[in-house]
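Worksheet: one structure, shown below.
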Amino acid sequence: MRKFSLTTQITGAMLVGVVLGAVWPKLAQDLSIIGEIFLRLIQMGVVLMIFGAVIEALGSLKPQDLGRLGLKTGCWFFVTTVLAALLGIGGGLILQPGKVADLAQFAGTKFKGPAATNFHDTVLNFFPTNIFNSLSSGNVIQVLVFASLFGVVLSRANVQGNYQRVLELVKQVNQLVVKMVMLVMKLAPLGIASLVATALATNGSQVLLPLVRFLGDYALLTVLFVGGLFCFTSWYAKVPLLSLVKGFSEIIVVAFTTTSSAVALPVEMKVARDKLGVSQPVSQLVLPLGMALNSNGLALYLSLVCVTMMQLMGTSLTFGMLGKVVVLAILACLGTVVVPGGGLVALTIMVPALGMPAASIGLFAGIDWFVGMFRTVANVVGDTTTAIGVAASDDQLQRTVYQTKSSKMKQAKQAS
């Protein structure tokens, strides 16, 4: 008996949800509890998953790696992630994918966003007074701040291997939590069918237009972002632009077709060394760390989704809300774990934190795999260009690999 992939099942479930919501709207609303349960099952392990992932990523690094190369890598990750999040917000405000329909009644009431707070309280709320309260309440920002500090302390304290058992325990717990999330994701076809059907039954066929518009806008913004990374990296590392893009071709194809940063990682590391001239020490540090802590495509996606949702719900966008979107998108990327449906998992963090109804996640659940193709490309390109930039700044970039065949032949003739 042929076994269909999760991607095929989710695509089929989306179609089933469309038919169910359009033909039997009353039945779709009665079955909405399935989608709500699915979202709760994802949400229950997300905070713990992020907590452990950040501690493991930082705690596994040697103190010296947290120094020179770690600082350079962190700066690149931070800057590119901020730019990606700002591009998502700017693109959403300019292209306005959420203005093609009014879904303000989706949540039953007009969405007004989270309660307004001043700058002092906003910054102060980043820091927890009790980590257990932060974990139980699902305050992702406070959890990430604590996990980052704990990971750095663990790395420094474990120089002699005295706390290796603690690190191993964190790794094992992470593996179990990821397995649990992957188990829940097997229910994704049922959950997504219910969410899509409920959204369509509540809002009618007008819900489909913003999804198609969103997918096209996200693809356009991804191309602009990746193109900008290529141009800047070519200038900064002093390598030919065309040779740089050609060197990335294999990475992009693998990322686009598999939609998995984990699958693309071995290809990234091989291509970075053989075709992009990155030294092995830099590639071994930057690329695995980037897979865990740096997700430019996800930051772009999350910020664009939030702006789109706000537009669909008919709320006014304040600078305070947009600033919170950027901060949450950046911090959510710090806790990225490579599991199927990673974008959907990240939305369960962002949407409630912004005061939007969790049910609105269902609007984007059906197209998550298609978005994932572009999102993964932006993620792996962001990681690999960071590796090139760090290598170039540390004199660990071999630029001869970028020479064209004609230039190599010319040099050979001159040498002879």
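Observations on the model:
- Exceeding the 25 Å Cα-Cα cut-off - candidates LYS62/LYS186; LYS238/LYS270; LYS62/LYS324; LYS179/LYS324; LYS62/LYS270: LYS62/LYS186; LYS62/LYS324; LYS179/LYS324
- The accessible surface of region 149-196, taken with every protein chain in place and a 1.4 Å probe, is 65 percent carbon and sulfur.
- With R₀ fixed at 56 Å, the C-beta to C-beta distance from GLN164 to THR400 puts the FRET efficiency at about 0.90.
The values are calculated or read from the model by the stated rules, or taken from the named source; none is laboratory data. Values in this document were obtained by computation on a predicted structure and should not be read as measured data. Here Cβ is always computed from backbone atoms with ideal geometry, including for glycine, and neighbour counts include all displayed protein chains. Quick note on the areas: whole protein, heavy atoms, side chains included, nothing else; ligands and nucleic acids left out. Shrake-Rupley method; radii C 1.70, N 1.55, O 1.52, S 1.80 Å.
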